[in-house]
Amino acid sequence: MLMLPFQVLSEDLLAPVTLSLQTAGVALISHLLAGVGLGYILSIKKLPLRFILDGIVTLPLIFPPIATGFLLLMLLGRHGFIGHHLASQSIEIVFTPLGVYIAAILSGLPLIVKPVQSAIENTTGSLREASFILGKSELTTFLRVTLPSIKRVILTGLMLSVGRSFGEVGITLMLGGNITNRTETVSLAIYNAVFEGNFEKAMLLSALLGLLSILVFFAMNKLNDKDQRS
């Protein structure tokens, strides 16, 4: 059966777009839970080894992604410090979608953790103290006082972190391996298309990422406008 060019192109785009959307969903949930949790933990001034934890969380933001990916490859690979234990349990990370998910989560995590940490340190101190004086527990204070007071910061951080994860290349390349129809994200598909000389495909995928970036930009502006009115 003859296939029209746009049909072939659509099928060729389906796998990376689907994987990227799945990755964004995993990153969103992970950043919401781990990002807010780590931000809260790092806001505790007297936390033991706080500096080390802060450095680990911030590392993907300041360290070259390809180098970060290499370190993770050495750590999580089949013969790595953690990877060989996982391999003995038939859990593979490198060159699998799981590796792509981990790369996306780690690359965007600092963009949600640091704003949440800063917001808790700078805007919720007196509110939390008042809650404690009224006899509320740490958990109740966190859920009913801290989280509502920084919800806009959390939303903005999530948009930035998931957007960063959606465009991740360096760490994903090392952990995922850029395997067509398996670990090829939209960003890697653009790289592959340019390398193959398929500029039409690269342009289409770039336009998709561009549209996503514009949507995030307008959403952040809308949040900022609401903050200024309130």
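A short reminder: the numbers here are calculations on the coordinates, not readings from a lab. Keep in mind that this is a model prediction, so the values were computed, not measured. We place every Cβ from the backbone using ideal geometry, glycine too, and count neighbours over all the protein chains shown.
In this entry, the chain is assigned a mean projected area of 16.6 nm², taken as a quarter of its C-alpha convex hull surface.
Shape of region 1-137 from the C-alpha gyration tensor: prolate (a/c of 1.5 or more and a/b above b/c, with a ≥ b ≥ c the square roots of its eigenvalues).
Rg over Rh for region 127-186 works out to 1.34, both radii taken from alpha-carbon positions and Rh defined as the Kirkwood radius. For a modelled paramagnetic label at Thr18, 7 Å from Cα along Cα-to-Cβ, the residues of region 90-108 in reach, with backbone nitrogen under 16 Å, are 97-98. A viscosity of 1.567 mPa s and a temperature of 4 °C, combined with the Kirkwood radius over Cα pairs in Stokes-Einstein, give a translational diffusion coefficient for region 115-230 of 75 µm²/s. Peptides 209-221, 190-202 ranked from most to least packed, by the mean per-residue count of other Cβ atoms within 10 Å: 190-202, 209-221. Helical runs (DSSP H, four residues minimum) scored at -39500 (n - 2.57) apiece and divided by the length of the chain put the mean residue ellipticity at 222 nm at -23000 deg cm²/dmol. Among the lysines of the chain, pairs at least eight places apart or on separate chains and with Cα atoms under 23 Å apart come to 11. Extension gain for Leu143-Ile44 works out to 34.0 nm (0.36 nm per residue, less the C-alpha to C-alpha distance). Each of Ile82, Phe132, Ile102 was placed along the dipole of the chain (beta-carbon charges, centred on the mean Cα), and the one lying farthest toward the positive end is Phe132. Distance distribution note for region 66-134: the fraction of Cα pairs above 21 angstrom is 49%. Once both labels are positioned 7 Å from their Cα atoms along Cα-to-Cβ, the gap between Ile133 and Gln89 label points is 4.7 nm.
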